[in-house]
Amino acid sequence: MTTYDKIYIDGAWVPSEGSGTIDVHDSTNGQVFATVPAGTAADVDKAVAAAQAAFATWSTTTPEERSKALTRIAEGLAARMDEIATVITREAGMPKWLSQIVQAGLPINSFNTAASLAESFEYEETIGNSLVVREPVGVVGAITPWNYPLHQIAAKVAYAIGAGCTVVLKPSEVAPVDAFILAEVIHDAGLPAGVFNMVSGTGTEVGEAIAAHPGIDMVSFTGSTRAGKRVAEVAAKTLKRVALELGGKSANVLLDDLDDEAFEKAVRDGVGKCYLNSGQTCTALTRMLVPHDRMADAERIAADEVATKFQPRNPFADGAMLGPLASRAQVERVLGYIRKGIEEGAKLVVGGPELPEGEELEGGYYVQPTVFSEVRNDMTIAQEEIFGPVLSIIGYDDEDDAARIANDSIYGLAGGVWSADPERAKAFARRVRTGQIEINGGAFNPNAPFGGYKNSGYGREYGKYGFEEFLEVKSMQL
């Protein structure tokens with residue numbers, strides 16, 4: 001077992017002001033594999049003071065200096081890529097081979113992209129007699145989730161540092177070990193003291209302290225809509241800037257012009273997009289909308305895809321596609337929704353609330369991959385974010401009905417549309433009120449703006465748009 005007994009403040013590993021610890025559980029067997037300090041509000045005070053002191057200098061460094069620092073961090077992460085992937089697989093349950101690409105690879109991309117943007121970004125423009133300049137917003141409080149832990153940390157930390165801000169990070173208490181690795185990498189990269197600070201702990205203690213702190217100029221939060229509303233509420237008392245990336249209940253619409261081959265491809269792709277990271281993905285395409293007369297085909301294809309590709313496996317096993325969930329609490333949450341779907345009359349195609357069996361699954365946080373059909377969009381499983389491998393197949397009458405159902409959600413984070421005519425697909429995509437939408441299975445772009453409409457939050461991450469989130473605008477009248 002790994003024991004971390006210090007937090008990272010002002011360029012040094014220091015003891016927490018509190019004496020509590022947090023156990024980190026291995027998703028594959030339920031055992032405790034690490035402990036981290038349960039930080040306190042007093043720790044946040046110290047971290048903010050360090051970040052404020054460092055901001056005076058870091059905000060005036062050249063873009064080239066900031067770029068070089070970010071590049072060194074990216075290189076440090078690359079050197080520990082396999083270790084990071086292993087840790088996050090244990091924390092969150094993603095198959096190891098996929099963690100290597102996503103959980104370890106994408107954070108490296110974020111640091112490299114932020115490094116490039118720090119140098120190429122146009123910080124000044126002239127409008128009439130005004131010089132309009134963009135300046136770092138200040139001290140950024142970053143509060144991050146457990147499902148893509150280092151990826152979401154990098155989306156905030158890399159871009160904030162690149163923009164000239166300083167940071168106080170609270171990683172998820174469910175998956176904090178990767179953040180400690182990042183802090184070690186940052187320390188070894190020689191980032192000036194106070195530019196990056198990390199306080200592990202709970203949301204009710206450390207998260208609340210960050211959101212409320214008058215010395216923090218901006219909070220960037222990724223997590224549940226419920227928690228995001230609380231962050232916004234607390235942050236409003238000091239009128240700090242807030243960026244929120246919250247939940248989703250994304251519709252994947254298969255239009256009526258697909259031939260049999262394209263329809264099958266779309267259904268199979270949709271199952272995979274729903275089950276990525278065991279469904280613990282805010283952009284998961286959890287609602288599959290198909291014409292009423294193709295429901296039976298969708299059920300058959302989805303059931304076959306689950307049977308042949310997405311049976312629960314130890315995530316370290318060769319060829320594993322579906323690992324465990326991140327925690328026992330998440331298992332109970334997902335099983336509750338599956339039971340709710342059955343109670344409300346949805347047709348259970350595959351899966352169910354019984355736990356999967358098998359020697360390699362023993363003690364781990366596994367659930368059965370589940371597909372419901374004949375789902376009405378007013379059912380709980382169609383409206384609430386489940387965060388597990390649960391797909392709802394919903395029938396529609398025509399294109400207008402499909403657009404209505406897709407938009408009948410409090411969320412608006414992601415989505416998908418399939419059509420034999422790419423222009424028709426793009427036209428339909430414009431009708432869906434969501435922050436991103438893929439056309440005919442288009443791949444996720446980690447450099448394109450990412451964020452939501454409605455209860456999925458506000459603000460954008462990644463690329464140029466994510467960089468701009470951490471900059472203020474000043475007009476100098478000449």
Item checked: G30 being among the small types (G, A, S), in a loop (DSSP other than H, G, I, E, B) and at positive phi -> yes
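This table checks each residue for (1) part of a loop (DSSP other than H, G, I, E, B); (2) buried (at least 24 other Cβ atoms within 10 Å of the Cβ); (3) modelled with pLDDT under 95.
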site	(1), (2), (3)
E173	yes, no, no
I181	no, no, no
P192	yes, no, no
V206	no, yes, no
A209	no, yes, no
Checklist line | Counted residues, the stretch 33-43 - those being crowded, with 17+ Cβ neighbours inside 10 Å, assigned to a helix (DSSP H, G or I) and not acidic (D, E) | finding: 1
Note to self: Out of the residues in the stretch 1-20 meeting the condition of being touching a strand residue (DSSP E or B) at 6+ places or on another chain (Cβ under 6 Å), under 27 Å from A212 (Cα atoms) and of a type outside the set (K, R), tell me which one is surrounded by the fewest Cβ atoms within 10 Å (Cβ to Cβ).
What the structure shows: Y4
Note to self: For the condition assigned to a loop (DSSP other than H, G, I, E, B), of a type outside the set (D, E), closer than 23 Å to N147 by Cβ and touching a residue at least 60 places away in the same chain (Cβ under 8 Å), what is the one hit in K273, K249?
What the structure shows: K249
Notebook entry, point to check: Which residues, counting only those in the stretch 376-403, are buried (at least 24 other Cβ atoms within 10 Å of the Cβ) and more than 25 Å from the chain's Cα centre (by Cα)?
Noted result: I394, A402
Next item on the list: For residues that are in a loop (DSSP other than H, G, I, E, B), hydroxyl-bearing (S, T, Y) and closer than 20 Å to K249 by Cα, tally how many sit in the stretch 439-476.
Entry: 1
Margin query: Of the residues D260, D188, only one is over 29 Å from A78 (Cβ atoms) and among the acidic types (D, E); which?
Written below: D260
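Looking at the structure I just gave you, is V157 modelled with pLDDT of 95 or more, touching a strand residue (DSSP E or B) at 6+ places or on another chain (Cβ under 6 Å) and part of a helix (DSSP H, G or I)? I'd like the intermediate steps shown before the answer.
Details: modelled with pLDDT of 95 or more: yes; touching a strand residue (DSSP E or B) at 6+ places or on another chain (Cβ under 6 Å): yes; part of a helix (DSSP H, G or I): yes.
Spelling it out, V157 is indeed modelled with pLDDT of 95 or more, touching a strand residue (DSSP E or B) at 6+ places or on another chain (Cβ under 6 Å) and part of a helix (DSSP H, G or I).
Given the structure, is D23 at pLDDT 95 or above and either part of a loop (DSSP other than H, G, I, E, B) or surrounded by fewer than 16 Cβ atoms within 10 Å (Cβ to Cβ) (or both)?
Yes; evaluated as a whole, the condition is true for this residue.
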Item checked: Considering residues of the stretch 438-468 that are crowded, with 22+ Cβ neighbours inside 10 Å and over 16 Å from the mean Cα position of the chain (by Cα) only, the residue nearest to A158 (Cα to Cα) -> F467
Note to self: Cβ-Cβ distance below 8 Å, separation of 6 or more or different chains: which pairs start in the stretch 129-140 with a residue that is under 22 Å from V219 (Cα atoms) and end on one that is of a type in the set (K, R) and not in a strand (DSSP E or B)?
What the structure shows: V140/K156
Notebook entry, point to check: Got at least one residue in the stretch 172-186 being free of Cβ contacts under 8 Å to residues at least 40 places away in the same chain and touching a Leu at 6+ places or on another chain (Cβ under 9 Å)?
Noted result: yes
Note to self: Being within 19 Å of the chain's Cα centre (by Cα), part of a helix (DSSP H, G or I) and crowded, with 24+ Cβ neighbours inside 10 Å: is that true of S278 here?
What the structure shows: yes
Check: What's the number of the condition E135 fails, among (1) of a type in the set (D, E, K, R); (2) touching a Ser or Thr at 6+ places or on another chain (Cβ under 8 Å); (3) under 30 Å from E360 (Cα atoms)?
Finding: (3)
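Considering the stretch 409-428 alone, what residues qualify as being surrounded by fewer than 21 Cβ atoms within 10 Å (Cβ to Cβ) and either farther than 17 Å from C282 by Cα or at pLDDT below 95 (or both)? It would help to see each step written out before you state the result.
The first filter runs over the stretch 409-428 and keeps only residues surrounded by fewer than 21 Cβ atoms within 10 Å (Cβ to Cβ), leaving 410, 420-424, 426-427.
Matches in the stretch 409-428: A420, D421, P422, E423, R424, K426, A427.
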Notebook entry, point to check: Can you name every residue in the stretch 221-241 that is crowded, with 20+ Cβ neighbours inside 10 Å, over 20 Å from W146 (Cα atoms) and of a type in the set (G, A, S)?
Noted result: A235
Notebook entry, point to check: If you go through the stretch 200-229 one residue at a time, how many are closer than 13 Å to G457 by Cβ and in contact (Cβ under 8 Å) with a residue 12 or more places away in the chain?
Noted result: 9
Check: Does the stretch 143-157 contain any residue that is under 21 Å from G11 (Cβ atoms) and in contact with a Gly (Cβ under 7 Å, 6 or more places away or on another chain)?
Finding: no
Margin query: For the stretch 281-294, which positions are surrounded by fewer than 24 Cβ atoms within 10 Å (Cβ to Cβ) and over 16 Å from the mean Cα position of the chain (by Cα)?
Written below: P291, H292, D293, R294
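Inspect all residues belonging to the stretch 120-132 and state whether any of them is among the hydroxyl-bearing types (S, T, Y) and within 22 Å of the chain's Cα centre (by Cα). It would help to see each step written out before you state the result.
Residues of the stretch 120-132 among the hydroxyl-bearing types (S, T, Y): 120, 123, 126, 130.
Narrowing the set further to residues that are within 22 Å of the chain's Cα centre (by Cα) leaves none.
Checked the stretch 120-132: no residue is among the hydroxyl-bearing types (S, T, Y) and within 22 Å of the chain's Cα centre (by Cα).
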Next item on the list: Answer with yes or no whether L289 is in a loop (DSSP other than H, G, I, E, B), in the same structural domain as R376 (by TED's automatic domain parsing), of a type outside the set (K, R) and in contact (Cβ under 8 Å) with a residue 40 or more places away in the chain.
Entry: no
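The values are calculated or read from the model by the stated rules, or taken from the named source; none is laboratory data. For clarity, every value in this text was computed on a predicted model and none was experimentally measured. When we count neighbours, we look across all protein chains shown, and the Cβ atoms used for this are built from the backbone with ideal geometry, even at glycine.
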